[in-house]
Every structure is written in structure tokens, then in C-alpha cells.
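The values are calculated or read from the model by the stated rules, or taken from the named source; none is laboratory data. Just so it is clear, the model here is predicted, and its values are computed rather than measured. Don't worry about glycine lacking a Cβ; one is built from the backbone with ideal geometry, like all the others, and counts go over all protein chains shown.
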Amino acid sequence: MKAKYLALMIGACFSHNLWAANNITIEQRLAELEQRVVNAEK
């Protein structure tokens with residue numbers, strides 16, 4: 001289960017990089033995804 005979430009996070013990060021985001025936006029995206037994973041595991 002966790003591997004699936006990890007793959008989603010990595011995939012989202014890579015696709016986000018392709019859209020040429022700055023580091024702050026990437027960090028915000030990762031924080032959002034991390035929060036979603038935490039919520040999903042509750």
C-alpha cells in the first residue's frame with residue numbers, strides 16, 4: 001500500500017517538474033501529497 005502512495009508521490013513530483021515549477025511549489029505539492037497519504041492511512 002505504501003509503495004503505491006510513494007510511486008504516486010514520485011510520479012506527481014516528476015510531472016510537476018516537467019511543468020517547470022520552482023522549488024517552493026514542489027515542496028508545497030509534496031506537503032499536500034504527504035498530508036493525503038497520512039489521511040488515507042487513518
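Suppose the filter is assigned to a helix (DSSP H, G or I) and modelled with pLDDT of 85 or more; does residue 6 pass it?
no
From the set of residues in region 9-30 that are surrounded by 10 or more Cβ atoms within 10 Å (Cβ to Cβ), hydrophobic (A, V, I, L, M, F, W, C) and at pLDDT below 85, which is nearest to the chain's Cα centre (by Cα)?
So the residue we want is 9.
Going by what's in this entry, would residue 33 be described as at pLDDT 85 or above and surrounded by 10 or more Cβ atoms within 10 Å (Cβ to Cβ)? First the steps, then the outcome.
Working: at pLDDT 85 or above: yes; surrounded by 10 or more Cβ atoms within 10 Å (Cβ to Cβ): yes.
Yes.
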